[in-house]
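Q: Below is the structure I would like to discuss, written out as structure tokens.
The values are calculated or read from the model by the stated rules, or taken from the named source; none is laboratory data. Not measured: the values here are computed from a predicted model. All Cβ positions, glycine included, derive from the backbone under ideal geometry; neighbour counts span all protein chains shown.
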Ligand SMILES: Cc1ncc(C[n+]2csc(CCOP(=O)(O)OP(=O)(O)O)c2C)c(N)n1
Ligand SMILES: [Mg+2]
């Protein structure tokens, strides 16, 4: 488009261009039709999805991988309800995303018109904010506000609902006079995210840390949102304090670093869980004391004082009372902590050598482990994950679905770089991985992108592999087929007396290889250990198409360690082969 | 049954919000998602038409109250929110009440005079009164009128401002 827009539809597309949008994910329909016309002439690449949920998760994957807001656009009614799940997902994982939905014409709103639903009403609770635009003249400003809200403060999804008549050039109501989105003041009198932490509180925090003998840096997804991995490394090394990275923060601190304890929580490793449990100080950086991390709250880290840093003031004290609570951007606050710590000098720090040797003792005694398969057994999922890790460079982007395969991925991959791990942590959305991987690959075409998926997950969103083929966004899928909704099976085995209710999918359908091939991908089935590495190598050689490797894995394999629901983190159940070590040491402290 | 409005369980929150469609639904949504009830609610534009002031009372305390206040503050359309300290604020509420007169007109009029309520409308055997006062005083008047027979009653919900002697 070279001439200035004269109607709402053109203005919307131009405004997206002005916000720097390069790729968007969507699927057209009646109410949004007028906006799809100017898309033809736009510089924005539009990726046509097969289901609107896919568009939403692709936008999320794109945002996770690039740090830029993901954009999706869908029509009204059923399309809008189809994006509710990704919006909720983005809300819980603080993913910057802008979603445009078509709406019936203004005069038809509220009349139960064809494909009408109350989109702003339905999405109110799953968006950071949403807008119903009623005047085409507002479009550039509102689009600018939407991107501003989505990307600043605690990031999140913003939805803009646009009635058809104000974007349809044949309707006089769509007429507008163009202006640059950022040329007018935003009208957000209630939105002033605060990023600088209070210096007095940062000082107080630095002093509290200096006195701590058993501190742990408890690092959450906020570190990645704040792009604070570098200052975090500096802080940890300066203080020589061990770091745990939550499911949302894997990669924010390198797994290979000697101070890294890995993932805490329900399926965290013994050392990460126990170090938090025995700590005298938890420094929470962009984490939110999620129940999957704390276990039973009244028994969580009983002796720990808490420093809680978060950009969202509503997180401070939400779950656990803090001793020092700092509202601010993690990067700014960590840099402040580094400065003050340097000024305090190394002599100011408490002696933590005993703590470090206790922690490394746990690491030696309780490494992640699993039993290797016997000849004739099905594949062990942990073995496959290790092979996948070893067959790929460290900057590979790994996306995951939700279930046992997700936990095995988080446990057995080696995350050494930020923004290499993309998963659905807060909402736990099955079907996330394939569309998220496509979104990540669209944003990072030069990077290798693997999706780790379960057979249950795969059957929810696999059709987006058609999108990947048609749009030439090739990804690789490691499908862990254990024929079960494995994670639910595990709970039924452990907590419901092995009474398996509705968790067996099927041992013979679908045929994943044929299915993959029918979608234009290469399909490979792997059933024995010696085939695993070659299949991964083969997949990595194919770059013009997507590849799906179906690993036929052992359904009896469970995820350990595990903190049973309702138990405290002191009652972590380790791998059966290590359980006797735990009994030996009993209440070791 | 007769929980007094003066009961210390009630907390009064005052919010300045954008005067726009949907804002009240957003505010209310943060209570309903937790299964909390809003006991009383008053909303109207401020002297600046772009903003409305909401006064609401809720029977939540402690951590949930703090959380809900912080989450309300996070709403993009909420400009400002605070809890009013009852010791340092002034609260008023208006009540319209229609009562049966029956054979006790004299006794009824004594109460009306006593409270300096206004008679807004008069029927053959009914009276509509208007009175504004502290919410607890409205409760009191309501109780005194109850024996006559309350036909209809509407209270506005309390409005409040910080007092000037803080
Ligand atoms: C949309 C959705 N529905 C249900 C669940 C509950 N759930 C969590 S994990 C899981 C099993 C996933 O099965 P599969 O994809 O085969 O992975 P596995 O656990 O076997 O690795 C289910 C049903 C969920 N997280 N998301
Ligand atoms: Mg499975």
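Q: What are the residues in segment A:140-155 that are under 17 Å from residue A:80 (Cβ atoms) and either away from chain B (no Cβ under 13 Å) or within 19 Å of the chain's Cα centre (by Cα) (or both), if any?
A: Hits for segment A:140-155: nothing passes.
Q: Now for a separate question. Checking the structure you have, find out if any residue of segment A:310-329 is more than 14 Å from every other protein chain (Cβ to nearest Cβ), under 23 Å from the mean Cα position of the chain (by Cα), over 21 Å from residue A:280 (Cβ atoms) and touching a residue at least 24 places away in the same chain (Cβ under 8 Å).
A: Within segment A:310-329, one or more residues are more than 14 Å from every other protein chain (Cβ to nearest Cβ), under 23 Å from the mean Cα position of the chain (by Cα), over 21 Å from residue A:280 (Cβ atoms) and touching a residue at least 24 places away in the same chain (Cβ under 8 Å).
Q: Please pick out the residue among A:475, A:542 that is surrounded by 18 or more Cβ atoms within 10 Å (Cβ to Cβ), more than 14 Å from ligand 1 (Cβ to nearest atom) and either under 30 Å from residue A:48 (Cβ atoms) or in contact (Cβ under 8 Å) with a residue 60 or more places away in the chain (or both).
A: Residue meeting the stated conditions: A:475.
Rundown of residues vs (1) closer than 24 Å to residue A:228 by Cα; (2) away from ligand 1 (no atom under 13 Å from the Cβ), yes/no style:
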| residue | (1), (2) |
| --- | --- |
| A:413 | yes, yes |
| A:420 | yes, yes |
| A:426 | yes, no |
| A:438 | no, yes |
| A:459 | no, no |
| A:498 | no, yes |
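Q: Kindly indicate the residue of segment B:32-44 that is over 16 Å from the mean Cα position of the chain (by Cα) and more than 11 Å from chain A (Cβ to nearest Cβ) and also surrounded by the fewest Cβ atoms within 10 Å (Cβ to Cβ) among those meeting that condition.
A: My answer is B:35.
Q: Sticking with this structure for a sec: Which one of these is closer than 24 Å to residue A:427 by Cβ, outside any loop (DSSP other than H, G, I, E, B) and in the same structural domain as residue A:322 (by TED's automatic domain parsing): A:272, A:206, A:236?
A: A:272
Q: Output yes when any residue across segment B:110-125 is touching a residue at least 24 places away in the same chain (Cβ under 8 Å) and in a helix (DSSP H, G or I), and no when none is.
A: Yes, the conditions are met somewhere in segment B:110-125.
Q: Out of everything in segment A:435-472 that is in contact (Cβ under 8 Å) with a residue 60 or more places away in the chain and within 16 Å of ligand 2 (Cβ to nearest atom), what residue ends up being farthest from the other protein chains (Cβ to nearest Cβ)?
A: Only one residue tops the list, namely A:452.
Q: I want to confirm something. Restricting to segment B:17-30 and keeping residues that are within 19 Å of the chain's Cα centre (by Cα) and at the interface with chain A (Cβ under 8 Å from one of its Cβ atoms), which single residue is surrounded by the fewest Cβ atoms within 10 Å (Cβ to Cβ)?
A: That would be B:25.
Q: Hey, residue A:148 hits all of (1) surrounded by fewer than 16 Cβ atoms within 10 Å (Cβ to Cβ); (2) out of contact with any helix residue (DSSP H, G or I) (no Cβ under 7 Å at 6 or more places or on another chain) but one; which does it fall short on?
A: (1)
Q: Tell me the residue from A:137, A:194 that is over 20 Å from the mean Cα position of the chain (by Cα) and part of a helix (DSSP H, G or I), please.
A: Selected residue: A:137, the only one of A:137, A:194 that is over 20 Å from the mean Cα position of the chain (by Cα) and part of a helix (DSSP H, G or I).
Q: State whether one or more residues within segment A:101-114 are in a loop (DSSP other than H, G, I, E, B), touching a residue at least 60 places away in the same chain (Cβ under 8 Å), away from chain B (no Cβ under 14 Å) and closer than 21 Å to residue A:182 by Cα.
A: No: segment A:101-114 contains no residue that is in a loop (DSSP other than H, G, I, E, B), touching a residue at least 60 places away in the same chain (Cβ under 8 Å), away from chain B (no Cβ under 14 Å) and closer than 21 Å to residue A:182 by Cα.
Q: Starting from segment A:389-417, take each residue that is farther than 20 Å from residue A:484 by Cα and list its partners that are at pLDDT below 95 and within 8 Å of ligand 1 (Cβ to nearest atom), counting only C-beta distances under 9 angstrom and pairs at least six apart or across chains.
A: Close Cβ pairs satisfying both conditions: none exist.
Q: Which residue, of A:72, A:18, is within 30 Å of residue A:311 (Cα to Cα) and within 21 Å of the chain's Cα centre (by Cα)?
A: A:72
Q: State which residue is surrounded by the fewest Cβ atoms within 10 Å (Cβ to Cβ) when the search covers only segment A:512-531 and only residues that are over 15 Å from residue A:477 (Cβ atoms) and more than 16 Å from ligand 2 (Cβ to nearest atom).
A: Looking at residues that are over 15 Å from residue A:477 (Cβ atoms) and more than 16 Å from ligand 2 (Cβ to nearest atom), I get A:530.
Q: Being touching a strand residue (DSSP E or B) at 6+ places or on another chain (Cβ under 8 Å) and surrounded by 19 or more Cβ atoms within 10 Å (Cβ to Cβ) narrows it down to one of B:81, B:150, so name that one.
A: B:81 is the lone residue from the list that is touching a strand residue (DSSP E or B) at 6+ places or on another chain (Cβ under 8 Å) and surrounded by 19 or more Cβ atoms within 10 Å (Cβ to Cβ).
Q: Which of the residues belonging to segment B:67-85 are closer than 20 Å to residue B:161 by Cα and within 14 Å of another protein chain (Cβ to nearest Cβ)?
A: B:69, B:72, B:73, B:78, B:79, B:80, B:81, B:82
Q: Confirm whether residue A:352 is more than 23 Å from residue A:503 (Cα to Cα) and not assigned by TED's automatic domain parsing to the domain that holds residue A:203.
A: Judged against the criteria, residue A:352 is not a match.
Q: Identify the single condition in (1) touching a strand residue (DSSP E or B) at 6+ places or on another chain (Cβ under 6 Å); (2) surrounded by fewer than 24 Cβ atoms within 10 Å (Cβ to Cβ) that residue A:82 does not satisfy, given that it satisfies every other one.
A: With respect to (1) touching a strand residue (DSSP E or B) at 6+ places or on another chain (Cβ under 6 Å); (2) surrounded by fewer than 24 Cβ atoms within 10 Å (Cβ to Cβ), residue A:82 is out only on (1).
Q: Here are the criteria: (1) touching a strand residue (DSSP E or B) at 6+ places or on another chain (Cβ under 9 Å); (2) away from ligand 2 (no atom under 16 Å from the Cβ); (3) farther than 30 Å from residue A:24 by Cα. Tell me which single one residue A:537 does not satisfy.
A: With (1) touching a strand residue (DSSP E or B) at 6+ places or on another chain (Cβ under 9 Å); (2) away from ligand 2 (no atom under 16 Å from the Cβ); (3) farther than 30 Å from residue A:24 by Cα applied to residue A:537, the lone miss is (1).
Q: Looking at segment B:46-63, which of its residues are modelled with pLDDT of 95 or more and within 14 Å of chain A (Cβ to nearest Cβ)?
A: B:46, B:48, B:49, B:50, B:51, B:52, B:53, B:54
Q: Restrict the check to segment A:156-170 and report whether at least one residue is under 29 Å from the mean Cα position of the chain (by Cα), part of a loop (DSSP other than H, G, I, E, B) and within 14 Å of another protein chain (Cβ to nearest Cβ).
A: yes
Quick grid of which residues meet (1) within 16 Å of ligand 1 (Cβ to nearest atom); (2) closer than 30 Å to residue A:454 by Cβ; (3) more than 14 Å from chain B (Cβ to nearest Cβ):
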residue: A:348; (1), (2), (3): no, no, yes
residue: A:351; (1), (2), (3): no, no, yes
residue: A:369; (1), (2), (3): no, yes, yes
residue: A:402; (1), (2), (3): yes, yes, yes
residue: A:406; (1), (2), (3): yes, yes, yes
residue: A:410; (1), (2), (3): yes, yes, yes
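Q: Specify which of the listed residues (B:96, B:120) is more than 14 Å from chain A (Cβ to nearest Cβ) and loosely packed, with under 14 Cβ neighbours inside 10 Å.
A: The unique qualifying residue is B:120.
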